[in-house]
Structure formats: C-alpha cells, structure tokens
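Coordinate-derived values only; no laboratory data. Keep in mind the model is a prediction, meaning the values are calculated, not measured. Positions of Cβ are backbone-derived with ideal geometry, glycine not excepted, and every protein chain shown enters the neighbour counts.
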Amino acid sequence: MNFSNLFKRITQQESSAKKPGAQQQSHQHEIENAILVLAAEVIRCNRNYNEATQQIIHQFISTQFGERGIKQRLSAIDDHLFTGTEPFTKIACKALVMLTTVESRITVVRFLFAVAAADDFVNAKEQRCIHRIAGYLKINEAEFKKVKEDFLNQNNPFGILEIEIGATFAEVKSAYRKMILKHHPDKRTEEVTQQEAEKTFREIQQAFEKIKEIMSERE
C-alpha cells in the first residue's frame with residue numbers, strides 16, 4: 001500500500017539541505033509519535049495486534065520516517081496498548097493539525113483504515129473510532145466519507161463481490177459465481193495484463209472465503 005509524504009512545515013533551507021534541520025527533526029518526531037498514538041487507538045478497538053497489523057505500521061512509518069531505530073520507535077505502540085491512548089488522542093490530533101496539511105491528515109486516515117483492516121475487515125467499532133479521529137483532525141464529513149467509501153470498496157470482502165454486507169449466503173454464492181466468470185484470467189481483455197487479471201481473480205476468491213468465515217462465526 002502506498003502512502004503520500006506527510007510533511008508540510010519544512011523551510012526552503014531545510015528541504016534543500018543534505019540533512020534535516022533541528023526544527024524539521026523535531027516536527028518529524030512529533031508527527032511520528034502522534035501517528036503511533038492514533039494507530040494504537042484503532043488497534044485497541046479489538047486488541048488484535050497481529051503480524052499483518054505490525055507490517056502495515058512498519059511499512060508506513062519506515063516510508064515516512066526511515067528505518068533507523070524503527071524497532072525501538074515502534075515499541076511505543078506496545079506502551080500505548082498497555083496504558084491506553086484516550087488522554088493522548090486529542091493531543092496527537094492537535095499536533096497533526098498544526099504540523100501537516102489537510103491532504104496529509106487524509107493520508108493518516110487512510111493509514112488508520114489500513115490498520116483496522118489488517119486483521120480482518122473494518123468493523124463498525126473501528127469505523128466509529130476512525131470517524132471520531134477524523135473529526136479531531138479537522139477533516140470534513142464529505143472528505144471522510146469519500147476516504148471511507150474508497151477504502152471499503154477496495155478492501156471489504158462484500159464490496160469486492162459487489163454485494164451488501166447483509167446479503168444472504170445464497171446471494172453471496174450467486175455473486176461469487178458471476179464475478180469468477182466475469183474476471184477469469186482466460187477472459188481478460190487486451191487492456192488488462194495477465195498479472196492484473198490473476199490478482200483480481202485471487203482477490204475474488206479470498207473475499208468469498210472471508211465471507212464464509214464471517215458467516216460461520218455468526219451462526
């Protein structure tokens with residue numbers, strides 16, 4: 001998953017320097033800490049800090065802030081999960097509002113959706129949590145709704161099969177068969193590469209298996 005760069009308040013002198021200035025380093029440290037607080041807040045919704053979640057966070061933080069000392073830096077997640085994040089959530093959001101652009105804060109919200117989805121799909125409690133954080137980040141409802149819909153359409157197994165979450169298993173099977181026939185790699189058009197077609201086909205199969213899991217847990 002690709003994420004755009006976050007930083008706004010870098011002077012011309014700092015951005016052209018070979019090494020970041022003291023002010024830039026301070027801002028980066030504040031931004032990184034704030035993001036880790038918000039990630040921990042989302043994880044605490046179901047307390048499932050698994051390997052997939054760790055990989056998403058590692059990828060985002062290393063892309064934005066570098067690999068150096070990342071293991072120690074990411075240990076802050078464990079601290080926040082143990083002590084709780086509520087006292088720090090608004091403070092973290094306030095720091096991000098001061099130090100980053102709206103576009104960057106939208107990127108943070110996309111990242112939080114990725115964190116929520118890493119262990120399964122984004123459940124209602126996680127959606128409410130991210131919605132609350134987006135409000136603290138001064139992201140308006142229209143922007144939040146767009147990010148949410150874009151993410152869920154791409155990552156929700158029901159969305160991948162183009163059905164509603166409340167669909168019956170018979171409707172799920174019917175949608176799955178249609179999607180498998182429609183997107184079979186042997187039926188790809190010239191505009192779609194073999195690799196892209198196979199990726200889409202796997203996603204459809206994985207979505208069907210995930211929905212079967214979800215439905216079996218409901219019984």
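Data table
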item	result
Cα gyration tensor shape for segment 73-188, rounded if a/c is under 1.5, else prolate or oblate	prolate
Segment 132-180 and segment 50-86: distance between their alpha carbon centers, rounded to Å	26 Å
Förster-model FRET efficiency, 22 Å R0, residue 124 and residue 216, C-beta, rounded to 0.05	0.70
Longest DSSP-loop-exposure-free segment, trypsin sites (Lys or Arg not before Pro), the chain, at most 13 other Cβ within 10 Å	139-219
Extension reserve of the residue 131-residue 90 stretch, reckoned as 0.36 nm per residue once the Cα distance is removed	13.4 nm
Length added when fully stretched, residue 81-residue 54, from 0.36 nm per residue minus Cα-Cα	8.4 nm
Per-pair calculated FRET efficiency, R0 = 41 Å: residue 97 and residue 68 via Cβ, rounded to 0.05	0.90
Cα gyration tensor of segment 55-124 - equivalent ellipsoid semi-axes, whole Å, descending	18, 17, 16
Neighbour cut-off at most 16 other Cβ (10 Å), DSSP loop, GluC sites (Glu not before Pro), segment 107-198	162, 164, 190, 191
Residue-averaged 222 nm ellipticity for the chain, from DSSP H runs of 4+ at -39500 (n - 2.57), nearest 500	-23000 deg cm²/dmol
Cβ-placed point charges (K, R +1; D, E -1), dipole of the chain about Cα centre in debye, nearest 20	500 debye
Dimensions (Å) - segment 159-218, Cα atoms, principal axes, largest first	41, 16, 15
Contour minus Cα-Cα distance for residue 199 and residue 146 (0.36 nm per residue)	16.6 nm
25 Å Cα-Cα reach of residue 173 towards lysines, excluding residues that sit fewer than 8 places from it in its own chain	182, 187, 199, 210, 212
The chain - convex hull of alpha carbons, volume per residue in Å³	156 Å³
Set of lysines with alpha-carbon distance to residue 90 below 28 Å, sequence-local pairs under 8 removed	8, 71, 125, 138, 145, 146, 148
